[in-house]
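Asks: Dumping the structure here so I can ask a few things about it.
The values are calculated or read from the model by the stated rules, or taken from the named source; none is laboratory data. Since the model is a prediction, treat every value here as computed from it, not as a measurement. FYI the Cβ positions are ideal-geometry reconstructions off the backbone, even for glycines, and counts take in every protein chain you see.
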Amino acid sequence: MSSIMPEGAALRKAVQWISKMREEGNTPIPNLIDQACVRFNLSPKDSEFLCRFFTEGTSAKK
């Protein structure tokens, strides 16, 4: 049985996965974003969102 993911679910899972991977190691964010895009079959637009989301979030903490 195949289920269709609602729009945006893959992006939410990617954000969760990247956050978890950041806690577990020192992999650079751009590498994690690339891996997430492949793993969750994300579009280039989603990739840009992830870049902004994690870059702006990181710079706000400094």
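Asks: Which condition does PHE53 not pass, out of (1) within 21 Å of GLY8 (Cβ to Cβ); (2) at pLDDT 95 or above, if it passes all the others?
Replies: (2)
Asks: Within segment 24-34, is there a residue that is modelled with pLDDT under 95, of a type in the set (Val, Ile, Thr) and assigned to a loop (DSSP other than H, G, I, E, B)?
Replies: Taking every residue of segment 24-34 in turn, at least one turns out to be modelled with pLDDT under 95, of a type in the set (Val, Ile, Thr) and assigned to a loop (DSSP other than H, G, I, E, B).
Asks: Give me a count of the residues in segment 18-44 that are free of Cβ contacts under 8 Å to residues at least 24 places away in the same chain, within 15 Å of GLY8 (Cα to Cα) and surrounded by 10 or more Cβ atoms within 10 Å (Cβ to Cβ).
Replies: 3
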